[in-house]
Structures are given as C-alpha cells and as structure tokens.
1. Out of A:G92, A:G119, I need the residue that is in the same structural domain as A:I16 (by TED's automatic domain parsing) and at positive phi. Which one?
2. Residue check, A:V235 against (1) of a type outside the set (D, E); (2) crowded, with 24+ Cβ neighbours inside 10 Å; (3) farther than 28 Å from A:G77 by Cα; (4) within 14 Å of chain B (Cβ to nearest Cβ), all met but one. Which one?
3. Among the numbered criteria (1) surrounded by fewer than 15 Cβ atoms within 10 Å (Cβ to Cβ); (2) modelled with pLDDT of 95 or more; (3) farther than 20 Å from A:S250 by Cβ, which single criterion is violated by A:F307?
4. Going by the structure shown, is B:G50 touching a residue at least 12 places away in the same chain (Cβ under 8 Å) and under 26 Å from A:S236 (Cα atoms)?
5. Do we have A:L120 as among the aliphatic types (A, V, I, L, M) and touching a Ser or Thr at 6+ places or on another chain (Cβ under 9 Å) here?
6. Spot the failing condition for A:T148; the list is (1) at the interface with chain B (Cβ under 8 Å from one of its Cβ atoms); (2) over 13 Å from A:T56 (Cα atoms), and only one is missed.
7. When residues of segment B:71-103 are filtered for being under 24 Å from B:T137 (Cβ atoms), of a type in the set (V, I, T) and within 10 Å of another protein chain (Cβ to nearest Cβ), how many remain?
8. Would you mind stating whether A:E319 is touching an Asp or Glu at 6+ places or on another chain (Cβ under 7 Å), in the same structural domain as A:K188 (by TED's automatic domain parsing) and of a type in the set (D, E)?
2 protein chains.
Amino acid sequence: MLVGDSLSSLDEFALIQSLNYKKQSNNFHNKLGVIKGIGDDAAVVQTRSGSQLVMTCDTMVETIHFNPYTMLDEDVGYKAMASNLSDIAAMGAIPKYALISLSIPKHYSTFRLKKIYKGLYECANYFEIAVIGGDTTKSPKHLNISITLVGEVESNQALFRSNAKVNDLVFTTGYLGCSAAGLDYLLKVKQKQLMLGQIPMNFLPLVKQHRRPTPQIKAGRILLQSRRCHALNDVSDGLSSEASEICEASNVGFLFDEVKLPIHPQLREYGQLIGKSPLDWIMYGGEDYQLLGTVSKADVVHIQNRFQQEGIPFFIVGEVVAQKGVQMKDAYGNIKKIHKKGYNHFN
Amino acid sequence: MLVGDSLSSLDEFALIQSLNYKKQSNNFHNKLGVIKGIGDDAAVVQTRSGSQLVMTCDTMVETIHFNPYTMLDEDVGYKAMASNLSDIAAMGAIPKYALISLSIPKHYSTFRLKKIYKGLYECANYFEIAVIGGDTTKSPKHLNISITLVGEVESNQALFRSNAKVNDLVFTTGYLGCSAAGLDYLLKVKQKQLMLGQIPMNFLPLVKQHRRPTPQIKAGRILLQSRRCHALNDVSDGLSSEASEICEASNVGFLFDEVKLPIHPQLREYGQLIGKSPLDWIMYGGEDYQLLGTVSKADVVHIQNRFQQEGIPFFIVGEVVAQKGVQMKDAYGNIKKIHKKGYNHFN
C-alpha cells in the first residue's frame, strides 16, 4: 500500500508497520519466547533458566560500508543482519532477538526501504531470529542501519578471545579474503578500470561473499558444544587484525603457515588478473565473517570430524606460540612479522 | 592521552578503550551480573530466573534531534541515554544494560567524543546501567548515536499500552510541554528573534528539560509494583500523539480536562512572552519523557499516596471513555476533538 510513497508523507508508526508487515508469524515469535514484539515502548521476552545472554550491536553506514554500486538494497539489509550474527557466532551462542535502528534520508523511497527489510528478514528468518523492535528516524543525508542482536548461551560456556594457549593449533572455518576481492572487483568495474569483457563470470562468488556473507552460527555451536575450543573470534576485519586481538587478549603469539592458508580458486584467479597477491586480501581484507580460533593438538581430530560430519570446512592454518605478536612462516621456512593492519573504518 | 587527537589517527579499539576508560568499576558490573563487558565479540550477562527481559533502542541524529546551538556535547550523551531509559520506565521495568552504537564524522575530535561519553555515563551511572558493548564507525557527515537498553521485569507484569479501560482515570507524572518550549527558546535565541536582555533567567528550567530530561524509572516501578496500573506510555512525542497510541492499542478514547492539565509556571510565562498558548506545547511538543497512564477510580488514592511518599508528582488529567479518539473538555465544558499531531521526525 505504501510502496513508492516518499517518507515525508508517512508517519513513523505507519512506516514501521509497513516494513514489518507479515514478515514473521505469531507462532514463530511464541516459539522464541516473545511476549511483546514491535508496537509498545519496548519488547518483552522470556529467558530460559540455566542460560546467559549474549548481546552485540553493529552499524552499517552508507558511503562508509556500502554504496549503491557495491550493494543492492536487499544485500544491505541482509549483510547488516549477517555481520551482527557473526559476533554471536564468535561467542558460540544461539542468536534469538534483533532490534533494528534505521536513520533514513528523505530521498529514500519506501520501495527501497522495503527491499532493505526484505534482505534483513531473509537473513533473520533463515537463522530464526525474532525481530522484536527498533527505531526509525530521519537522517540528514546517509542511510545508517544499526542492529542489536541478543542471543542465548549455556551458562559460563561462551567462547572468548582470551583463552588461547601456547601449542594450540589455529584454525579458520572457511576461505578468507574473498569479500575484499569482491569489493575490489565492484569498485574497479565502477571506475571502468575493468571492462565487462575482461571479467569472467566466475568472479561472482567473490561478489557474493562481499554482499551476502554467511555468519558461522553452526560452526560456533559445534565449537562450544565440543567444550574443546580455547579461543574464538570472527574475521570481520583482516586475518592479521583478528589474530592480533586473540594474541593480545590471550597474551600469546600466532605463527601462521603460509602454505596452509586456503586460497579460494577465484581469489587466486582474480589476483592474477589484476596483479595482486591473494595473501594481501587474506591478511588485510575484511568482512568474510569466518571464525578464527584455537584448539589443543590433542582435540583437533575430534573437532575436525565434527566439522566434516556437518559439511563445514575446517582449515588448520598455524599454531599458538609464546613469542608475542603475529608471524608468518613462508614456503621456505622464513618467518616474518605480520603487522596489525586490518580494515579499520578510521583509516 | 588521546584528548584532542583527530579520529583518523586512532584505531577503533583504542578509541573505545579511551572513551570507556575507568567509567564503571568491575564491582559495579559484577553486581549487575556482567560476565563479559566491552572487549570481545559480544557481551555476556547473567539473567535472573522469574524475570523477563525488556529491550528497546532509540537513535539520536545530529541536525535532526540536536544541534550544537541547542545541546552541549555532554547533554547529547545524557539525553541519548535518558530517552532510551524512558522506554524502559514505560514498561515498569528495571534498566540494566546498554549498548552504544556511534557513527562519528571525521571532524569530531576525541575531546568532543569524551564529552558525549561523559554525559552518557553520567546518566548510566545515576540509573545503575552497565555499559557492556557497542560499535564505533565513521560517518560521512553527521553524528549518529543509537543506544539499545536491556532491562528486567517481573514475569508477565510489564505494563503495556493496550490495557486501558473505560472509566479509568488518566494521569501524568509531571509537567509537559517544557522541553519543546525550551527548544523553541534556544532556536529563537540562535535566530536572534529574542535578545538576551528580553530573556529572564527563569526560562532555564525549560532549557534543562530539553537538554537533560529525567526518565521516570521510579514512577514506572511504583506503578508496576502497585499492580493497579492498566496502561502506560512515555511522552516522547506530544501528549496527543501518546494518548492516541494508548487509545488505539486499548480500543478506547481519552477525554482530557483542560483545567486539570498542569502548566509549569515558566512555560506559562514563556508562552505569554512570545504569544503562544502553553497548551500547544503540552499537546504537540515532544521529549518531556513523563509517563502517561490509566488507573481505575477505585485504585487512584492508593497510587496517589505511593507517589506522594516518594515525592513524585501525580496529576489526574482526564478519563478513559468509550468514544474513540482523543478529546479535550475546556473550562466551559465544551468538548473538542484533538488531532494526533505529535512531534514526528518525518514531517
């Protein structure tokens, strides 16, 4: 009914109603313990005894995190939800509730907002998250989406960054660097540095990884339930930056093994096309939302088997050492220090 | 250490550390059940059995909700926290945890950010809220603060908008319209429509109400604990808009009694100075963050006594009627319809 209306002709109440209309059933909310969802001053939910709450929030800002030529509106919504889910995954927790705060420029049509919400709900429904509230305000210029996610975790079982131990093995749950390469590809196309004829269709997986990353909720749960994972982080910035965070919190060092770092075939191919080492994207690119963690050598086979049963990749990429900081051993056995230069929105 | 640094020279981690440094003690967090606060992918907290969770989020955007000439930086932080707390108050709940998401323009110094955080924490500490997480990103132009608050409420006792009953009395917990008049004063001073010589110092209470509103947490708790409050809402927009929300949710009408609406003496005086009826601000001004609710006639004395014991104002301003919509009876007994024209950020 409201499609195509400009924002100024709507009141906030009608807008929120319209964006959330028929997206989630009462049954679905009941199952998740929602007592009161959208439509009062605040939402009310039932918690389960024996569990603790996990909470995180994350913001995406137009021109800083996305642009119309790098992301479709649906992708903006999907990724805003997915990047938040990734933080819940990195605690080993089960995501349950989302609150969405949206600051909307006047020139955005409800048509575009509906597309953003389509993506938001696509992700929320897939991962069974109840959207229970939020706020909608005007923005002077740029779209700003801030999402808070609340999850549940078995009492005192949440996985922190601070428990990595010397001699642990370091693992990731998937390929890294693909999202940053996908973004690079989109920007080069926009700037006409790449002509369409030059671009093999098989770079689309890189673009998909940038636009629709998959939060590793299942992997986080396997790791928590195994009770054998020592430290865990999600790779929202580059691998070097995330590794540094674990090292600093745990007071240890990481020694990555270059030949063990998995390189996605399309990442390698795109690197060759534009003359850049895939390693640059892996270490310093961001937004892949894989998990990076450590586990003792004695437990690694058990965990590897669990990942295999679930069909989730599990790559051992290095080990935890006493020497502080992050280092890389190359194919010839040479070891060099890796600087913490992840994607940082303030640089 | 970081005071005066420009944002571009800091990484996000150092910035967050600096803004939150020594603001709340471990002891304080332990008392509130915080297992893991700022510094991991997500926060972890302990919940209490027998209680439900209450969650809300609210955003303040520079140029939409505040300007340097209407709000000091400390006030921006204070009010962002206070307006969120008001939604928790309107459920009768106890606020406990806050997550702060900040999008920061490059030209903001950490000096200014520290002032914003000073205000945020001033409010959080007064109301005993643990700040347990957040996100800090760059903004292309304007400051954007989004806060999520999580509170606790006795199971199935939260106060909704939807339970007002015909013949209930309608009450508020304080003066209304002062914040909007305070804003009007600040804008007129800025536009030099008022000269400083014209402005009696006693309009400062109006300015204070705009900059540092007090969320009615205590009033909300009294109302919930009385188990006699039927419907409750906070007055973040105008009285007419908030009354309409209760009426629509409860399928009833409100009949306000004009002579019973409390008018703050400074509001009356300012209205006389600029030639505007205080009633305009009361009905259509926003951001006073008082509570508006209904209670049965039989219970009103009991509740009035509880408010008196606590030294909190309690004004009966009308009653609930079967005729839908919001109406006003003036001093001569004439009844007119009140239009739902509260402060709406999309108009």
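The values are calculated or read from the model by the stated rules, or taken from the named source; none is laboratory data. Only a predicted model underlies this, so the values are computations on that prediction, with no experimental measurement involved. Cβ coordinates were reconstructed from backbone atoms using ideal geometry, including for glycine residues, and neighbour counts include every protein chain displayed.
1. Numbers: A:G119 fails: at positive phi.
One residue alone meets the criteria, A:G92.
2. Condition not satisfied by A:V235: (3).
3. Condition (1) is where A:F307 drops out.
4. Details: touching a residue at least 12 places away in the same chain (Cβ under 8 Å): yes; under 26 Å from A:S236 (Cα atoms): no.
So B:G50 fails the test.
5. Values: among the aliphatic types (A, V, I, L, M): yes; touching a Ser or Thr at 6+ places or on another chain (Cβ under 9 Å): no.
Criteria not met by A:L120.
6. Result: A:T148 fails condition (2) only.
7. 1
8. Working: touching an Asp or Glu at 6+ places or on another chain (Cβ under 7 Å): yes; in the same structural domain as A:K188 (by TED's automatic domain parsing): yes; of a type in the set (D, E): yes.
Answer is yes for this residue.
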